[in-house]
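Working notes, beginning with the structure itself.
The values are calculated or read from the model by the stated rules, or taken from the named source; none is laboratory data. Nothing here was measured: the structure is a model prediction, and the numbers come from that model. Cβ sites come from the backbone with ideal geometry, for glycine too, and all protein chains shown count toward neighbours. For accessibility, only protein heavy atoms count, side chains too; no ligands or nucleic acids. Shrake-Rupley method; radii C 1.70, N 1.55, O 1.52, S 1.80 Å.
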Amino acid sequence: MFARVLVIALFSLLPLAAFAADPHSYAQPDQVVVRHVDLDLAVDFGKKTLHGTATLDLDWKSPFATQLALDTSALHIARIEAVDAHGKTTPLKYALAPADKSLGSKLTIETPDRPARVRIAYATSPDASGLQWLDPAQTAGKKLPFMFSQSEAIHARSWVPCQDSPSVRFTWQAVVTAPKGLRVLMSAPNDPKHALDGKFEFTQAHPVPSYLLAIAAGDIDVRETGPRSAVYAEPSVVEKAAHEFEDTEKMIETAESLYGPYRWGRYDILVLPPSFPYGGMENPNVTFATPTVLVGDKSLVSLVAHELAHSWSGNLVTMASWRDGWLNEGFTTYVQGRITETLYGKALADEEVLLAERNLQKEIGSMPANAQRLAPQPREVDADDELSDVSYDKGSWFLRTLEQKFGREHFDAWLKSYFDHFAWHSITTEQMLDYLKPNLIDKYPGKMSWDEVKEWVYGTGIPKDAPIPDSPRFDAIDKERAQFLAGKLPADKLDAGKSDKGGWNTQEWMYFLDGLPDVPKLAQVQQLDAAWHLTGTPNAEIGMRWYVHAIAAGDKTVWNAAAEHMTRIGRMYLTLPVYSAFAKTPQGLAFAEQTYARAKDGYHPITRMAIERVFAKAKAGSKAEAATL
Ligand code: BES
Ligand code: ZN
């Protein structure tokens, strides 16, 4: 589908950036690079649009270029003009190509004179894939509307015309107007004391890729949690969020002690309504987070460690293309583990590692060979699908292997120097490897061969000597689970209890449930529920795993509570598996479709697309089955 032409242009100001043509973008950064963007936008809740102008500062790479190609998706373009040094404008001709399903519409602007600035007047569509517009009834407060963006992977183009590729970095400023009384936040330093006067100004002074552009507006309150951190959320949620995230400053200090100063100034967290489609998003200066981590006991705050870690791995040193996504997510998952270990202890950090490793071991074998590689061969998948558990969990597993082979002292020093060396650049897997070889592998000979490194990065499966942590508590759970499944230990004799009484914490429950058979016996599911009241749990990590197993076992008494979970939670990772569990039987599928019909209005556009894909796949599967009968 996409020609993968490798155009590598090393250019003078950023000697480290290599522009391989990005198959997920129409931009041509070998011709011209956007260096700075000025946004002037109005948030219009009535029309569910952002409208205004984007003014792009251009750095022409080719003296022969005559066009500026940009990424857009469902944007309504009103006019485009060149802007000269005195602010004088000249209209430009442009053409908007028919939309590709994944990539949107290529916007080609005729620029025979290679202007220094181009201004685009535009409005977004009410169903922009990167924005969600919530009516007051869909918010916790029920009084005021709410909107937020989710640009990663390639949805920035649905609200800003841009070179939507992680290889291109630009600074930006914005002036945003919104109804008085609402707060607007963007992925730049935010002022917790800003008046809610309808006008907000932002400056992101560091060059960032487009997928890190973010905006939110709504009835957003704030609590400061430290000298450079605050928590933002709807008023009824903000106290709980501030309590859950009270260790944020300590997390920043921990990361700084390992990898050098936090370079962005403030680090805030915005807790979104439950329809936020991800767990967290590392928007610079303000992580966007799901409310599903607010479980009251801080047991899921590794999510903050993760998004904060992206301030080094991802936002400071960025993957050059989606194919290099493991440089963002694998490195971040590794750093996340180090923060968790320092603040909450090695036992918890090891449990989180084991949950991921056991899961990856279980699933990697059934993935296509190319998808098992950290750095896959060119492939035709949507940008969102370039990132998988392989990027996160095989990626971090590789770094833990390096840590173990070279020792913390040497590995930590290497990783810190890597962040410094590539700071503010977008790099490929190969650039990382070129830095790894002389500065770690060859520097301390005899610890790990280059072939072993290549096996991790380009090989399939998981290398044989991959280190796995010990967890006595997980070992005990494995034993208890086996005894329970063998009918030798009644459900109420499991050592689960309340976590503060020495029983199981959230991760231990997750581990117990993950290890149940895919289709447990109905009687066993009923015994577990009678003993531990899992149906209706407020902890959605536990709930997701519970409903998936109970539905598979055929326990219809959980269906209504499962539907409530699915309706309440738009975080894809926690809601999609429950849809998939229902989709395995015709009756379950019909129930899931009814639930979806009711819940749909509250879901984010990308969650809708993902659920509709689950339904389509289930139907295609049952048709294929019928055809073979
Ligand atoms: N950058 C990701 C979220 C993302 C990935 C958005 C791909 C769009 C496409 C973020 O840092 C992340 O990994 N979030 C996880 C958090 C978890 C690993 C702690 C999530 O959302 O579940
Ligand atoms: Zn991440």
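Under the simplified labelling scheme, the residue 594-residue 59 pair shows an inter-label distance of 5.9 nm, with each label point 7 Å from Cα along Cα→Cβ. With every protein chain present, what is the per residue accessible area of region 313-385 (1.4 Å probe, Å²)? With all protein chains present, region 313-385 gives 33 Å² per residue.
Across the accessible surface of the chain, with the other protein chains kept in place and a 1.4 Å probe, carbon and sulfur atoms take up 55 percent. Radius of gyration (Cα atoms) of the chain, expressed as a multiple of 2.2 N^0.38 Å: 0.97.
Taking all protein chains together and rolling a 1.4 Å probe, residue 228 ends up with roughly 50 Å² accessible.
In the context of the full set of protein chains, region 220-311 has a per residue accessible area of 27 Å² (1.4 Å probe).
Averaged over residues, the count of other Cβ atoms within 10 Å places the peptides 539-548, 69-78 in the sequence 539-548, 69-78, highest first. Taking 7 Å steps out from each Cα toward its Cβ at residue 199 and residue 493 produces label points 7.3 nm apart. Convex hull volume of the Cα atoms of region 475-628, normalised per residue: 118 Å³. Please tell me which of these pairs span more than 23 angstrom C-alpha to C-alpha: 362/394; 405/479; 405/454; 298/488? Table pairs above 23 Å Cα-Cα are 405/479; 298/488. Computed from the C-beta positions of residue 587 and residue 522, the FRET efficiency with R₀ = 22 Å rounds to 0.90. FRET efficiency for the residue 180 to residue 468 pair, using the beta carbon distance and R₀ = 45 Å, is estimated at 0.20. For the peptides 304-315, 46-57, the ranking by mean Cβ contacts within 10 Å, running from highest to lowest, is 304-315, 46-57. A DSSP coil position with no more than 12 other Cβ atoms inside 10 Å describes the following trypsin sites (Lys or Arg not before Pro) in region 121-180: 142, 143, 180. A Förster radius of 41 Å, combined with the Cβ-Cβ distance separating residue 443 from residue 379, puts the computed FRET efficiency at roughly 0.75. Our Cα-only numbers for region 304-430 put the radius of gyration and Dmax at 14.4, 41 Å. Per-residue extension of 0.36 nm, minus the Cα-Cα distance of residue 249 and residue 409, leaves a gain of 55.2 nm for this segment. Stokes-Einstein, applied to the Kirkwood radius of region 421-522 over Cα pairs at a viscosity of 1.002 mPa s and 20 °C, places its translational diffusion at 119 µm² s⁻¹.
The Cα trace of region 63-199 gives Rg and Dmax of 17.3, 55 Å, the first to one decimal, the second as a whole number. Under the simplified labelling scheme, the residue 239-residue 514 pair shows an inter-label distance of 3.5 nm, with each label point 7 Å from Cα along Cα→Cβ.
What do you get for Rg/Rh over region 220-311 if you use C-alpha atoms and the Kirkwood form of Rh? Expressed as Rg/Rh, it is 0.93. Accessible surface area normalised per residue over region 475-628 is 48 Å², counting heavy atoms of protein chains with a 1.4 Å rolling probe.
Residue order by solvent-accessible surface for 389, 191 is 191, 389, largest first, with ligands and nucleic acids left out and a 1.4 Å probe.
What lysines could a cross-link reach from residue 101, if we take a straight Cα to Cα line under 27 Å and drop same-chain neighbours fewer than 8 places away? Correct list for residue 101: 47, 48, 93, 600, 617, 619, 623.
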